[in-house]
Amino acid sequence: MERRYFIKNTLASASFVGAGGLSLGSCSGEQKKHITILHTNDVHSHIDPFPSGHSRFPGLGGLARRAGLVNQIRKENPSTLLFDAGDIFQGTPYFNFYGGELEMKLMTLLNYDAGTIGNHEFDNGLDGLLAQLPYGKFDFVCSNYDFSNTIIDGFTKPYQTYIRDGIKIGVYGLGIELAGLVNKEMFKETLYLDPYDIASDLERQLKEEEKCDLVICLSHLGYQYENDQRPDDMTLATKTKHTDLIIGGHTHTFLDKPSVVTNAVERDILVNQVGCFGVRLGRIDFYFDADRMVADGVSIRV
């Protein structure tokens with residue numbers, strides 16, 4: 001089924017746990033299928049909530065609270081997917097002691113569908129990453145790191161597809177350049193491939209060959225770099241043709257609502273990121289009928 005893409009630009013902001021409802025007004029009677037995308041990024045091993053006296057995030061976050069919110073949303077809409085845009089590791093003593101095992105096991109308990117690999121996933125080297133990957137019973141999609149000459153070969157996928165309520169969703173992942181950011185000894189023979197070229201190839205494959213109705217990129221490139229030639233999500237969005245949503249990470253950018261960007265074929269797509277440390281949960285709702293797709297997004301404090 002060929003679909004036009006349409007974004008209803010009335011994006012709401014949610015301030016409290018559980019305030020995830022969206023109002024689509026006149027569109028609500030027309031919609032036949034509803035896909036909810038939930039996402040996190042740069043959680044950095046924050047398992048517990050911040051103390052009530054914390055200067056920036058008083059009482060916010062915590063994996064148990066996130067789990068309750070995710071489960072509530074899944075009850076409201078069983079056609080829900082949960083993704084992470086990288087930097088699962090590093091930031092609290094939980095990582096120092098368990099090396100990432102606890103984070104992977106807890107994400108598995110939350111039934112994450114997929115995540116991509118951030119630069120901090122290399123903090124204990126490829127050996128350390130390999131030791132933890134089996135604890136993550138969800139897909140790792142990473143398209144522009146070539147692991148073929150490393151021990152990680154075969155543990156990641158360039159993309160994955162999911163079907164919810166008859167809607168086919170394709171997901172691919174992009175990582176930031178490691179050279180100059182991560183010690184060479186930590187990533188060894190991992191090759192970095194141009195993310196713009198890889199995105200172009202994979203989004204075409206997902207749309208034209210896999211026949212996906214919705215194409216999502218999990219990116220750890222960073223939201224935007226001013227006066228800088230490094231690849232970022234906002235530039236990536238302008239170069240895409242088939243991607244509908246870019247879920248970002250790395251720059252710890254707090255967006256109250258997704259950015260709307262015009263892509264290479266003059267179609268609006270969404271770019272979103274929810275800061276860091278698990279204090280927010282991103283939510284994008286896609287509504288499908290016979291000839292269009294409507295999207296609304298919020299950032300929910302956890």
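Checked against (1) touching a Gly at 6+ places or on another chain (Cβ under 7 Å); (2) under 19 Å from residue 120 (Cβ atoms); (3) not basic (Lys, Arg), residue 173 passes all but a single condition, namely (1).
Within the option set 127, 87, 123, being touching a His at 6+ places or on another chain (Cβ under 7 Å) and either of a type in the set (D, E, K, R) or surrounded by fewer than 20 Cβ atoms within 10 Å (Cβ to Cβ) (or both) holds for one residue only, 87.
Of all residues in region 120-133, none that is within 22 Å of residue 252 (Cα to Cα) and modelled with pLDDT under 95 has its Cβ atom under 6 Å from the Cβ atom of a residue that is surrounded by fewer than 16 Cβ atoms within 10 Å (Cβ to Cβ) and not hydrophobic (A, V, I, L, M, F, W, C), 6 or more apart or on another chain.
Restricting region 155-165 to residues that are touching a Phe, Trp or Tyr at 6+ places or on another chain (Cβ under 8 Å) and in a loop (DSSP other than H, G, I, E, B) leaves a set whose member that is surrounded by the most Cβ atoms within 10 Å (Cβ to Cβ) is 156. The lone criterion from (1) within 22 Å of residue 42 (Cβ to Cβ); (2) under 20 Å from the mean Cα position of the chain (by Cα); (3) of a type outside the set (Asp, Glu) left unmet by residue 206 is number (1).
How do the strands (runs of 3 or more DSSP E) wholly within region 244-302 filter down when requiring 3 or more residues that are modelled with pLDDT under 95: which remain? Even if it seems obvious, please write down each step before you answer.
On the way: elements: 245-247, 259-262, 268-272, 280-288, 292-301.
Output list reads 292-301.
Considering (1) more than 17 Å from the chain's Cα centre (by Cα); (2) crowded, with 21+ Cβ neighbours inside 10 Å, the lone condition that residue 102 does not fulfil carries the number (2).
The set of residues in region 221-239 being acidic (Asp, Glu) and loosely packed, with under 15 Cβ neighbours inside 10 Å consists of 226, 228.
Would you confirm, using the coordinates I've provided, whether residue 170 is of a type outside the set (Ser, Thr, Tyr), farther than 20 Å from residue 264 by Cβ and touching a residue at least 40 places away in the same chain (Cβ under 8 Å)?
No: the conditions fail for residue 170.
Among residues of region 185-199 that are closer than 15 Å to residue 220 by Cβ, those with a beta-carbon under 6 Å from a residue that is assigned to a strand (DSSP E or B) and of a type in the set (Ser, Thr, Tyr) at least six positions away or on a different chain give the pairs 190/145.
Going residue by residue through region 133-154, is there one that turns out to be part of a strand (DSSP E or B), of a type in the set (A, V, I, L, M), touching an Asp or Glu at 6+ places or on another chain (Cβ under 6 Å) and closer than 27 Å to residue 79 by Cβ? No. Figure legend. Inter-residue proximity from region 238-267: first residues over 15 Å from residue 218 (Cβ atoms), second residues of a type in the set (Lys, Arg) and outside any loop (DSSP other than H, G, I, E, B), beta-carbon distance below 6 Å, spacing 6+ or different chains. Indicated pairs: 242/207; 264/239.
The values are calculated or read from the model by the stated rules, or taken from the named source; none is laboratory data. Everything quoted here is computed from the prediction, not taken from an experiment. Note: ideal-geometry Cβ built from the backbone for every residue, glycine included; neighbour counts use all protein chains shown.
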